[in-house]
């Protein structure tokens, strides 16, 4: 299957003077299956962890500069609602995908990535997952486990609760498109 993707983003923070202006964005991704012509649309909220509270815990996709699978696992454990967590440094990214705890280690070619490169990759990974496509065979996986879950804290979400269809709204307070 061959897929084409288009990604658009819109800041959720209202002002360029707001510290979170580019740190919190609503992303719409459209995947096109070039063989069948089928479209899949995914709306999600992508948050840099530098954003003020409560944005990181509300994000579907979290992105942070840093290193290592263990950092990605810790971040995923602190914000269990995120389906994709990406921790990146230069050409390397440790991307935690889905609720099964798999961490992909990705390396980008070339000496330097443009600003926002790993953010876009993380959003594409989110769309790929909610479209029901497998993340298997991409990158390599690591064995770092998240910290033990505190039973007094919020329960870890499962992938099924984060899935969206082409007609479902990503925002629970908005009606679905019919």
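Just so it is clear, none of the values below were taken in a lab; they were calculated from the coordinates. Quantities reported herein were computed from a predicted structural model and do not represent experimental measurements. No Cβ is skipped: glycine too gets one built from the backbone with ideal geometry, and neighbour counts run over all protein chains shown.
Measuring from label point to label point, each 7 Å out along Cα→Cβ, what is the residue 50 to residue 36 span in nm?
A separation of 4.1 nm, rounded to one decimal place.
Mean projection of the alpha-carbon convex hull of region 48-146 over all orientations, in nm²?
Spelled out: convex hull of the Cα atoms, projected over all directions, averaged, 5.9 nm².
What length, rounded to one decimal in nm, is gained on full extension from residue 58 through to residue 112, with 0.36 nm per residue of separation minus their alpha-carbon distance?
Going from the current span to full extension adds 16.4 nm.
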